[in-house]
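A.B. asks: Next up is a structure, given as structure tokens.
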2 protein chains.
Amino acid sequence: MEFKLLRINLWTQKVREEKIDERTLRRFLGGRGLGAYLALKEIPKGADPLGPENKLYILTGPLTGTAAVETGRYHVVGKSPLTGILGDSNSGGQFGPWLRFSGYDGIVLESVSEEPVWISIIDGEVKFHDARDLWGRGVIYTEKKIRDRVGITKPDLGSVLSIGPAGENLSKIAAIMNDKYRAAGRTGLGAVMGSKRVKAIFVYGHRRIELYDRQKFLEAAKKLSKAIVEHSISQSLTKYGTAVLVNIINEHGGLPTKNWTRGVFEKAQQISGEYLAEHYLKTNKGCWGCAIRCSRVAEVKSGPYRTPVSEGPEYETIWANGANTMIGNMEAIIKINYLLNDMGLDTISFGNTAATLMELYEKAQKGELPEDKAKKLLDLLEDVEPTWGNADAVIRLIWKTAYRDGIGDYTAEGAARLAEEFGCPDCAIHVRGLELPAYDPRAINSMALSYATSNRGGCHLRAYGVSFDVLGVPKKFDPLKIDLEKVKLIKWQQDYFAVIDSLVVCKFNTFADAPEYYVELLKYAMGWEDLTVEELLTIGERIYNVERLFAVREGRGYRDYLPKRLLEEPLPDGPAKGRTAKEALETYLPEYYKLRGWVDGKPTPETLKRLGLGEFLYIVA
Amino acid sequence: MEFKLLRINLWTQKVREEKIDERTLRRFLGGRGLGAYLALKEIPKGADPLGPENKLYILTGPLTGTAAVETGRYHVVGKSPLTGILGDSNSGGQFGPWLRFSGYDGIVLESVSEEPVWISIIDGEVKFHDARDLWGRGVIYTEKKIRDRVGITKPDLGSVLSIGPAGENLSKIAAIMNDKYRAAGRTGLGAVMGSKRVKAIFVYGHRRIELYDRQKFLEAAKKLSKAIVEHSISQSLTKYGTAVLVNIINEHGGLPTKNWTRGVFEKAQQISGEYLAEHYLKTNKGCWGCAIRCSRVAEVKSGPYRTPVSEGPEYETIWANGANTMIGNMEAIIKINYLLNDMGLDTISFGNTAATLMELYEKAQKGELPEDKAKKLLDLLEDVEPTWGNADAVIRLIWKTAYRDGIGDYTAEGAARLAEEFGCPDCAIHVRGLELPAYDPRAINSMALSYATSNRGGCHLRAYGVSFDVLGVPKKFDPLKIDLEKVKLIKWQQDYFAVIDSLVVCKFNTFADAPEYYVELLKYAMGWEDLTVEELLTIGERIYNVERLFAVREGRGYRDYLPKRLLEEPLPDGPAKGRTAKEALETYLPEYYKLRGWVDGKPTPETLKRLGLGEFLYIVA
């Protein structure tokens, strides 16, 4: 089995095809794992994330676009301008499968283009096109124009990946978008693509994915599919989408509200999945080959927040731009989500940044910021008045952020830099520079460890303690009780999710699946007859260590911590009233290091040897 | 007396100083007249308005920045991308005087810059600066950043002229902005500046304006000043600004409503100058050296249309974005005005274009557009629903127009091209491609001739029949009655206003002044002791003919006409119910040609000879 990588030098516009050998695949699979490994080898230490030395890896995995369920995704990897360490993000839609069908299993964007370009890859043929007239345009119009130009306007045929103005203007919270409403949102890789002056990539083709034993693969895929569709969480996702979590997490007192100063939002019901389904849902929609179809196709028919039929918003988006900014209006959130997608901004990072700005504004007015900083902030705001719950100010801020206008020149840098700039670093709730997602670890304590040790910064997709602390998968824990068994589960999830992101498969499978399914699928896809669950999880652990090594080599971002607010300010209300995340983090972290074979956040030489990562011993020597 | 022109070649970044000889000045004065003359000599026939052959003339006149009242203005001239013929526009604020104080009486931007630049001119020293990081930013932030960089942050010292994203993105309705809220708005010269990749020009300095006899000049200036401040219209402008006209013109049934399908707007009172003064006015403000101070400093303190303390909106802006789009909400209009200024869009052209889009949308839904055009339009709208009166859609459209996103890629072309693109050319109300201003000639018939014969396209500033048809200056006429005396007045105004724009003086003087004042001022400013009123008006006539010659040479835009709607569709309500502008135009035009010495819109060779324009005989030969 071979993995065909398309290397594109943007400066010379030369392309070359590279075969990834089977040994490397068996050590890193594809997607996130392969990306991390290549990035660590190829991106020099200290490289400017927005300079020509950085590379952008757009990768599928051995299961992408196959008959196995939920394999319609792809993964992007590169050095993050937001965190300064390895960044990566995952997205659904149709781009991943169509990339494989176009003839390649992955693309590496190298160097930078002199002028804006877009690239088409159709049945193995790579072409560069002038994108100067697309520069500055939103994602939706860009997709439309590109499809008009290639003459493939049917939305199910081929796929466009692009950046919006946010990526072009090097916003550190810019997303890479595909299929209009799908985002590889986190860690600001949209800015990396923008720095390379690649506006878009169109993929289409007829390549048949090779499989070692097609018949047996199909049988194994059928078994997985059955497990997925029969699981109650899958069914709930079909019905309400991810937004089903709004009420659940709010009831646990862990829905971060008013920039993480509270854990309960009074208007949660009005921004819940149930409310969305009742009032604005047109239908649900799935990625390529999906059986769950969690995406919400919504519409706001009239009024100031009118939004055409379009995908979204997801739970994270609703939270970040709803509870966290105190906007309790679902119509406004649907519009905000639409605009963020069109401008190519990460909805989680943006919502956190908007909430941080609101807190800074409140502090500036109360005289709680240094005088010169407060003056500068108020001078820059112009017609944006970031009061809590002000949806119109947030809409204006989206536009300003995407085009870096006025205060938007600062919000485009993300919450951490914004808060630092205006004299209140602790007003930004982030880990390693990446803004946190929608679960308060003071109320769901497994998330304390999950966030602190996430290699890409504050993230719920490296390990998802909510799964057992709230949803009871694999079994139910008390979210407020400290329990060392959770540490094992977090570490296990981190390794397993690394596998999932490398295969590349949707994480929503993991409520219902188990590694056994993928061992079987890989046997028949790749011919790895002797593969075991242990080896698969070791691959995950290897990937997790490679990612950490990137940070260690950079000399930054390997310290595991939580924002001060979560450690020192107790929640003021709800079931977790009075709690901080301090005790949980301090109890869990040493245990976690033992399990990982790490000291102070760094892998030991022994750990690297055990994982077959001897080539990187120089980093920890 | 000398006139110092700074010629800037943007490609080579070489500058040279050119003296304009006194003979030329006495034939064309400065500002608009000098610009038209130089443009006709220097811009080759058929030049692409957005190519390197076009030039942009930024000019003051012999009275700019002197002690004479209302001389704080400047004039820009170039080939218009909107009309394809000579374009020009005039703006107040402080830029004109500061340009003279910086050491030059005018700037000519030639060729195009390779990368975005901004230029500083301080006490005669010209410097080029990298503007790549300003590209894409709004006018307000641009001014702020430039002032920070030159270290002159006090708003009264020096002045910034700039373009917003609309100009950068070559919107054909882009304005050149200065002093944040001041616009040389008409004929799309912002796009010419954008095509030359000049983001901004900062001027500052200490040059003393030379005067032939300073003492006598000051005495003459005092007389003019007295006449101005004592006149009732000046006083009304001080109190209510230009918006005082909303109710007056509405009562005459000539306030174009719903894209010129009606002449009365029910909500006129809510968007009137009186309403503005009562609810949102902070103070009034004047340009450099102004005694009238007509500018409205307004604020919307809270709500969805919150707008910080800022200048505007003017009557034209209120009308175009209010009555014409059926938006009867002053707060929304204040916000719209603010955003249009920040994005650098001409408020008249934009409001007309938005109203045209609303009509197209209505027609598309009723099945009154060709099927393929209707489909294309509806496909492009996405989250913009341009229903009559929808302020939120208009706000979204501003953003899209400035950045040419989706439907904004088409509205950025102006009303005429938009209407043409979607199959209803007569849905755009324009003359020569320039959208009409706020007076319906079916209700105020002198404006029929005024619009039809305006050299730059549909305009109320070439001749202002409203002055006698409505305001009674120099005497009151019946606006509905056809009267050939009006033809003489229109022709006289055209010549006189050409003088006013070339001096460069504010047109609001013309309610109270008379040519005699300027003859006297010019005697003492320039030493033209033998100047007479007749010669001054002949200069105006000469300028008017030079402008027309530009169109004749281009082979387009010299036909004098009115939009079909105004000739064929009677007004449905108000005092002018049942009227069209057909009879007025057909009666006035032959008489006008006789007075001008024109045939079919073209000056005869005899006329050119009479005006001393023999060098251009080749154009009409």
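Every number in this text was worked out from the coordinates using simple rules, so none of it is lab data. Bear in mind that the values here come from a model prediction, so they are computed numbers and not experimental data. Positions of Cβ are backbone-derived with ideal geometry, glycine not excepted, and every protein chain shown enters the neighbour counts.
A.B. asks: How far is it, in nm, from the label point at A:K481 to the one at A:E2 when both lie 7 Å from their Cα along the line to the Cβ?
C.D. replies: Label at A:K481, label at A:E2, 5.6 nm between them.
A.B. asks: Using helices alone, what [θ] at 222 nm do you get for the protein assembly as shown, with -39,500 (n - 2.57) per DSSP H run of 4 or more residues, divided over all residues and rounded to the nearest 500?
C.D. replies: Working: 52 runs with 517 residues, N = 1242.
Using -39500 (n - 2.57) per qualifying helix, the result is -12000 deg cm²/dmol.
A.B. asks: Would you mind ranking A:S502, A:S171, A:S272, A:S349 so that the residue whose beta carbon has the fewest other beta carbons within 10 Å leads the list? Before the final figure, lay out the partial values.
C.D. replies: Details: A:S502 27, A:S171 35, A:S272 23, A:S349 32.
Fewest-to-most Cβ neighbours within 10 Å comes out as A:S272, A:S502, A:S349, A:S171.
A.B. asks: Mind checking which lysines have their Cα closer than 16 Å to the Cα of A:K523? Skip sequence neighbours fewer than 8 apart in that chain.
C.D. replies: Leaving aside lysines fewer than 8 places away in the same chain, those within reach of A:K523 are A:K216, A:K222, A:K223.
A.B. asks: First check a/c for region A:441-508, with a ≥ b ≥ c the square roots of the eigenvalues of its C-alpha gyration tensor; if it is under 1.5, answer rounded, and if not, answer prolate when a/b is larger than b/c or oblate otherwise. Each step should come with its number before you reach the end.
C.D. replies: Values: a/c = 2.01, a/b = 1.49, b/c = 1.35.
Prolate, since a/c reaches 1.5 and a/b exceeds b/c.
A.B. asks: Contour minus end-to-end for B:L471 and B:Y561, with contour as 0.36 nm per residue of separation and end-to-end as the Cα-Cα distance?
C.D. replies: 29.9 nm
A.B. asks: Hey, another quick one. Over all residues in B:381-394, what is the mean tally of Cβ atoms on other chains that come within 10 Å of each residue's Cβ? Can you show the working numbers first?
C.D. replies: Working: counts 1, 9, 12, 2, 6, 0, 2, 0, 0, 4, 1, 7, 2, 0.
Mean shielding count: 3.
A.B. asks: Just name one of B:Y558, A:L461, A:P570: the one whose Cα is farthest towards the positive end of the charge dipole of the protein assembly as shown (beta-carbon charges, Lys/Arg +1, Asp/Glu -1).
C.D. replies: Farthest towards the positive pole: B:Y558.
A.B. asks: Also, I was wondering about something else. Between B:E569 and B:E125, what is 0.36 nm times their sequence separation minus the Cα-Cα distance? Round to one decimal in nm. Please report the intermediate quantities before stating the final value.
C.D. replies: Numbers: separation 444, 0.36 × 444 = 159.84 nm, distance 5.66 nm.
That pair, B:E569 and B:E125, stretches by 154.2 nm at full extension.
A.B. asks: Further, regarding this structure: For region A:232-434, how big is the tail of P(r) above 31 Å, as a whole percent of Cα pairs? Walk me through the numbers before you get to the answer.
C.D. replies: Details: 3745 of 20503 pairs.
In whole percent, the share of Cα-Cα pairs in region A:232-434 beyond 31 Å is 18.
A.B. asks: Now, a different point. Lys/Arg Cβ at +1, Asp/Glu Cβ at -1, dipole of chain B taken about the Cα centre: which of B:A39, B:T24, B:G194 is farthest positive-ward?
C.D. replies: B:T24
A.B. asks: Can you pull out the GluC sites (Glu not before Pro) in region A:335-414 whose DSSP state is coil and whose Cβ has at most 14 other Cβ atoms within 10 Å? Show your work: numbers first, answer last.
C.D. replies: On the way: sites: A:E359, A:E362, A:E368, A:E371, A:E382, A:E413; in loops: A:E368, A:E382, A:E413.
Sites meeting the loop and neighbour criteria: A:E368.
A.B. asks: For region A:470-598, compute the orientation-averaged projected area of the C-alpha convex hull (one quarter of its surface), in nm². Write down the numbers at each step before the final one.
C.D. replies: Values: hull surface 38.9 nm².
For region A:470-598, averaging the hull's shadow over all directions gives 9.7 nm².
A.B. asks: Assuming R0 = 22 Å, what is the FRET efficiency of A:R208 and A:K19, from their Cβ-Cβ distance, to the nearest 0.05?
C.D. replies: Details: r = 18 Å, r/R0 = 0.81.
Result of the calculation: an efficiency of 0.80.
A.B. asks: Find how many whole Å separate the alpha carbon centroid of region B:354-425 from the alpha carbon centroid of region A:182-205.
C.D. replies: If we compute the Cα centre of each part, the gap is 29 Å.
A.B. asks: Let me ask something additional. Determine the distance separating the Cα centre of region A:557-600 from the Cα centre of region B:517-584; give it in Å without decimals.
C.D. replies: One Cα centre to the other: 76 Å.
A.B. asks: Per 0.36 nm of contour for each residue apart, how much would the distance between B:E615 and B:K154 grow if the chain were fully extended, relative to their Cα-Cα spacing? Present the calculation step by step, with values, prior to reporting the outcome.
C.D. replies: On the way: separation 461, 0.36 × 461 = 165.96 nm, distance 4.71 nm.
Residue separation times 0.36 nm, minus the Cα-Cα distance, leaves 161.3 nm.
A.B. asks: Taking R0 as 30 Å, what FRET efficiency do you get between B:K375 and A:V229 from their Cβ-Cβ distance, rounded to the nearest 0.05? Provide the component values of the computation, followed by the final result.
C.D. replies: Details: r = 38 Å, r/R0 = 1.26.
Using R0 = 30 Å, I get an efficiency of 0.20.
A.B. asks: Cα centroid distance between region A:206-271 and region B:255-275, in Å?
C.D. replies: So the two Cα centres are separated by 53 Å.
A.B. asks: With r defined as the distance between the Cβ atoms of A:E274 and A:S302 and R0 fixed at 25 Å, what FRET efficiency is calculated, to the nearest 0.05?
C.D. replies: Numbers: r = 22 Å, r/R0 = 0.89.
Using R0 = 25 Å, I get an efficiency of 0.65.
A.B. asks: Provide a whole-number value for the mean count of partner chain Cβ atoms within 10 Å of the Cβ atoms in peptide A:397-409. Mind dumping the intermediate values first?
C.D. replies: Details: counts 0, 1, 10, 5, 0, 3, 9, 7, 11, 8, 1, 3, 4.
Taking the mean over all residues of the peptide, I get 5.
A.B. asks: Can you pull out the trypsin sites (Lys or Arg not before Pro) in region A:1-96 whose DSSP state is coil and whose Cβ has at most 16 other Cβ atoms within 10 Å?
C.D. replies: Numbers: sites: A:K4, A:R7, A:K14, A:R16, A:K19, A:R23, A:R26, A:R27, A:R32, A:K41, A:K45, A:K55, A:R73, A:K79; in loops: A:K45, A:K55, A:R73.
Here the sparse-neighbourhood loop sites are A:K45.
A.B. asks: Same structure again: What is the packing order of peptides B:433-442, A:383-392, taking the mean over residues of other C-beta atoms within 10 Å and listing the highest first?
C.D. replies: Details: B:433-442: 28.4, A:383-392: 20.1.
Top of the packing list down: B:433-442, A:383-392.
A.B. asks: Name the chain B residue with the Cβ nearest the axis that maps B onto A: which is it, and what is the distance in angstrom?
C.D. replies: Axis-proximal residue of B, distance in whole Å: B:W399, 3.
A.B. asks: Obtain the nm distance between the two label points defined at B:E114 and A:D600 by a simple spin-label model: each point lies 7 Å from its Cα along the Cα-to-C-beta direction.
C.D. replies: Taking the two extended label points, one gets 5.0 nm.
A.B. asks: If you don't mind, there's one more thing I want to ask. Under the definition of Cα pairs under 8 Å and six or more residues apart, what whole-number percent is the relative contact order of region B:349-401? Before the final figure, lay out the partial values.
C.D. replies: Numbers: 29 pairs, mean separation 18.1, N = 53.
That works out to 34 percent.
A.B. asks: State whether chain B is rounded, prolate or oblate according to the following rule on the C-alpha gyration tensor (a ≥ b ≥ c being the square roots of its eigenvalues): a/c under 1.5 gives rounded; otherwise a/b larger than b/c gives prolate, and the remaining case gives oblate. Don't jump to the answer; show the numbers that get you there.
C.D. replies: Numbers: a/c = 1.34, a/b = 1.15, b/c = 1.16.
Note, shape of chain B comes out rounded.
A.B. asks: Measuring from a point 7 Å past the Cα of A:T387 along Cα-to-C-beta, which residues in region B:296-315 have an amide N at less than 14 Å?
C.D. replies: It comes to B:300-308, nothing else.
A.B. asks: What is the order of B:F477, B:F128, B:F3, fewest Cβ neighbours within 10 Å to most? Kindly include the intermediate steps, with their values, before the conclusion.
C.D. replies: On the way: B:F477 19, B:F128 15, B:F3 22.
The most exposed by this proxy come first: B:F128, B:F477, B:F3.
A.B. asks: With only Lys, Arg, Asp and Glu charged, each at its Cβ (+1 for the first two, -1 for the last two), find how big the charge dipole of the protein assembly as shown is about the Cα centre; round to the nearest 20 debye. Display every interim value, and only then the final one.
C.D. replies: Details: 168 positive and 164 negative charges, 169 e Å.
Taking the Cα centre of the protein assembly as shown as origin, the dipole is about 820 debye.
A.B. asks: Test of understanding: ordering B:M1, A:M358, A:M177, A:M326 by Cβ neighbours within 10 Å, fewest first, what list do you get? Display every interim value, and only then the final one.
C.D. replies: Values: B:M1 15, A:M358 25, A:M177 35, A:M326 20.
Fewest-to-most ranking of B:M1, A:M358, A:M177, A:M326: B:M1, A:M326, A:M358, A:M177.
A.B. asks: With a 10 Å radius around each residue's Cβ, average the other Cβ atoms per peptide and rank A:461-472, A:84-95, highest first.
C.D. replies: A:84-95, A:461-472
A.B. asks: Could you run the Karplus curve 6.51 cos²θ - 1.76 cosθ + 1.60 with θ = phi - 60° over region B:368-383 and give me ³J(HN,Hα) per residue in whole Hz, x for Gly and Pro?
C.D. replies: 9, 10, x, 4, 5, 5, 4, 4, 4, 4, 5, 4, 7, 5, 6, 8
A.B. asks: Return the average number of partner chain Cβ atoms within 10 angstrom of each residue Cβ along peptide A:180-188. Intermediate results must be reported in sequence, preceding the final value.
C.D. replies: On the way: counts 0, 0, 0, 0, 0, 0, 0, 0, 0.
Mean shielding by partner chains, rounded to a whole number: 0.
A.B. asks: Follow-up question, since we're still on this one. State the volume of the convex hull built on the alpha-carbon positions of the protein assembly as shown, expressed per residue in Å³ and rounded to an integer.
C.D. replies: Working: hull volume 199.0 nm³, N = 1242.
Looking at the protein assembly as shown, the number lands at 160 Å³ per residue.
A.B. asks: Using the crude model of +1 on Lys and Arg Cβ and -1 on Asp and Glu Cβ, and no other charge, please compute the dipole size for chain A relative to its Cα centre, in debye to 20.
C.D. replies: On the way: 84 positive and 82 negative charges, 168 e Å.
So the magnitude is around 800 debye.
A.B. asks: Rank by packing, highest mean first: peptides A:130-139, B:59-68, with packing defined as the count of other Cβ atoms within 10 Å averaged across residues. Before the final figure, lay out the partial values.
C.D. replies: Details: A:130-139: 21.3, B:59-68: 26.9.
By packing density, highest mean first, the sequence is B:59-68, A:130-139.
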